[in-house]
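Let me begin by handing over the structure; questions about it come next.
Taken together, the values in this text are just the output of simple stated rules run on the coordinates, not laboratory data. Because the structure is a prediction, the values reported are computed rather than measured. So basically every Cβ, Gly included, is an ideal-geometry build from the backbone, and we count neighbours across all protein chains shown.
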Amino acid sequence: MTLLSILEFPDPRLRTRATPVDPARIADPAFQALLDDMLHTMYEAPGIGLAASQVDVHQRFMVIDISEEKDQPQVFINPEITLADGHQVYQEGCLSVPGIFADVTRANQITVKAIGRNGQPFELSTDGLLAICIQHEMDHLEGKLFVDYLSPLKRDMVRKKLEKARRSSAA
Ligand code: GNR
Ligand code: NI
C-alpha cells in the first residue's frame with residue numbers, strides 16, 4: 001500500500017474539475033489499488049474523507065469513513081446529489097488546508113446516487129456529518145475548497161498563515 005501525497009491550498013491543481021470515471025475501469029486492479037491507497041492515506045492523515053482531486057487524480061470519486069472505529073470505508077464513484085434539503089452549520093477542516101477550521105453552511109439532508117467499488121450503483125439518503133462530508137468531497141471534485149465559503153479577506157489570511165507555517169517547517 002502506498003501513502004499518497006495530499007495537495008495543499010493554494011495549489012492550483014486543487015482547482016481542477018474532475019471528469020467522470022469510466023465504469024468499465026472500476027474492476028481494474030490498478031483502480032482498486034488506488035482506492036486502497038486513498039483509504040490508507042485518509043486513515044493515516046487522519047481524516048474522515050478524501051477526494052481523488054486531493055491526491056492529484058482528477059476523476060470523480062472519493063472515499064469516506066466517519067465511523068468511530070474506522071472500520072466502515074465508503075467509496076463513491078461518479079456521485080450525484082439528487083435531493084438536498086434544509087441547512088446545517090458545522091466547523092469544517094480539510095486535509096488540503098491543514099490546521100484551519102471554519103463554520104460552513106451546507107444542506108442538512110441529502111440523497112446521493114453513486115457507484116460503489118464493486119461497480120454497483122446505489123442511492124443513499126443521509127444527514128449530519130456524513131451529509132457534510134459527502135458535500136465537502138463533492139466540492140473537491142468541482143475544484144472547490146471549504147475556504148471558498150469564507151470572505152476573500154479571510155481566505156487570504158488562511159493562505160498567508162499556511163505559507164508562513166510551510167516556511168518555518170522547511171529545512
Ligand atoms: O478529515 C476531514 N474532516 C472534516 C471535518 C469537517 C468537515 C469536513 C471534513 S473532511 C476532512 C478530510 C478532507 O479534507 N476531505 O476532503
Ligand atoms: Ni477536504
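Any number yet on Rg/Rh for the range 59-171, C-alpha, Kirkwood?
1.02
Rg(Cα) of the range 1-131 divided by 2.2 N^0.38 Å?
1.04
If you don't mind, there's one more thing I want to ask. In degrees between 0 and 90, to the nearest 10, how far off the longest principal axis of the chain does helix 128-141 point, with axes built from Cα atoms?
80
Please give the charge dipole size of the chain, origin at the Cα centre, charges +1 on K and R Cβ atoms and -1 on D and E Cβ atoms. Round to the nearest 20 debye.
It comes to approximately 820 debye.
Which loop-located chymotrypsin sites (Phe, Trp or Tyr not before Pro) does the range 63-144 contain, where loop means any DSSP state but H, G, I, E or B and the Cβ has at most 13 other Cβ atoms within 10 Å?
Passing sites in the range 63-144 are 101.
How fast does the range 36-92 diffuse by Stokes-Einstein, in µm²/s, taking the Kirkwood radius from C-alpha pairs at 4 °C and 1.567 mPa s?
103
Continuing with this model, one more query. I need 38, 157, 62 ordered by Cβ neighbour count within 10 Å, fewest first.
Taking fewest neighbouring Cβ atoms as first place, the list is 157, 38, 62.
Near residue 12, within a Cβ-to-Cβ distance under 13 Å, what is the net charge of the other residues, with Lys and Arg +1 and Asp and Glu -1?
+1
Ok, one more. May I ask you to evaluate 6.51 cos²θ - 1.76 cosθ + 1.60, the Karplus curve with θ = phi - 60°, for each residue of the range 87-92 and list the ³J(HN,Hα) values in order in whole Hz, giving x for glycine and proline?
9, 9, 10, 9, 7, 9
Please identify, among 16, 41, 82, the residue showing maximal mean-square fluctuation in a Gaussian network model of the chain using a 10 angstrom Cα cutoff.
So, out of 16, 41, 82, the one fluctuating most is 82.
Name the most mobile residue of 45, 24, 114, meaning the one with the largest mean-square fluctuation, in a Gaussian network model of the chain with Cα contacts below 10 Å.
For the chain, modelled as a Gaussian network with Cα springs under 10 Å, the answer is 24.
With θ taken as phi - 60° and the coefficients 6.51, -1.76 and 1.60, list the Karplus ³J(HN,Hα) couplings across the range 55-65 in order, rounded to whole Hz; mark glycine and proline as x.
10, 6, 10, 9, 10, 7, 7, 7, 10, 9, 8
Further, regarding this structure: What is the gain in length, in nm to one decimal, between residue 13 and residue 126 on full extension, counting 0.36 nm per residue of separation less the C-alpha to C-alpha distance?
Extra length from residue 13 to residue 126 when fully extended: 37.7 nm.
Taking amide H positions as placed in the peptide plane 1.01 Å from N, state which residues far from residue 56 in sequence (5 or more) or on other chains have amide H under 5 Å from it.
So residue 56 has HN proximity to 7.
Could you please state, rounded to a whole Å, how far the C-alpha centre of the range 23-42 is from the C-alpha centre of the range 47-77?
11
Going by how many other Cβ atoms sit within 10 Å of their own, how do 87, 40 line up, fewest first?
Least to most surrounded, the residues fall as 87, 40.
Please determine, in degrees from 0 to 90 and to the nearest 10, the orientation of helix 152-169 with respect to the longest principal axis defined by the Cα atoms of the chain, where the helix direction is its Cα long axis.
So the helix axis and the longest Cα principal axis differ by about 80 degrees.
With Cβ to Cβ distances under 13 Å as the rule, what net charge do the other residues near residue 94 carry (K, R +1; D, E -1)?
Every neighbour counted, the sum reads -4.
Something else now. What are the residues whose amide H is under 5 Å from the amide H of residue 96, where those residues sit 5 or more places off or on another chain and H is modelled from the backbone?
none
Taking θ = phi - 60°, what integer Hz values does the Karplus form 6.51 cos²θ - 1.76 cosθ + 1.60 yield along the range 27-36, in sequence order, with x for Gly and Pro?
Coupling constants for the range 27-36: 6, 4, x, 5, 6, 4, 5, 5, 4, 5 Hz.
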